[in-house]
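Input: a single structure, listed below in structure tokens.
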Amino acid sequence: MLYTIAIQNLRLQVSVPDSTDTAALDKVVREFNDHLMTFNGGRSVKLFESKEVKLLIFTLISFILGMQKKQEQTHETAAALAKENEKVNIRDDQETLEKIKKLISLCDRGLTKHP
């Protein structure tokens, strides 16, 4: 599908997969515009359409989206690991005690066999 990136006075159309979260793209573009105006003293920026400007905008938006995706994946991975660790840590205390006793017993037997 076609998506329009509106950065200040420029309108750039890009082709994105149909599964793309356009709400997330809209948010990134809006935040990018806000930052651009902030760095320009609160005034709109007049951009001139050129290959270099388009490349810069596409690269910046892609970079921002990539960083967000990486951050989300890191968060999801951490949450999954925490959930997995939570499952692993839930154990029957009696089972743990029996394993410890068995290990101690094996060690004791091993120590007494040697002079």
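Laboratory data are not the source of any read-out in this text; all were calculated from the coordinates shown. Computed from a predicted structure; not experimentally measured. So basically every Cβ, Gly included, is an ideal-geometry build from the backbone, and we count neighbours across all protein chains shown.
Overview of values
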{"quantity": "Leu55 versus Lys27: modelled label distance in nm, points set 7 Å from Cα along the beta carbon direction", "calculated": "3.1"}
{"quantity": "Inter-probe distance in nm under a simple model that places probes 7 Å from Cα toward Cβ, at Arg43 and Gln73", "calculated": "4.2"}
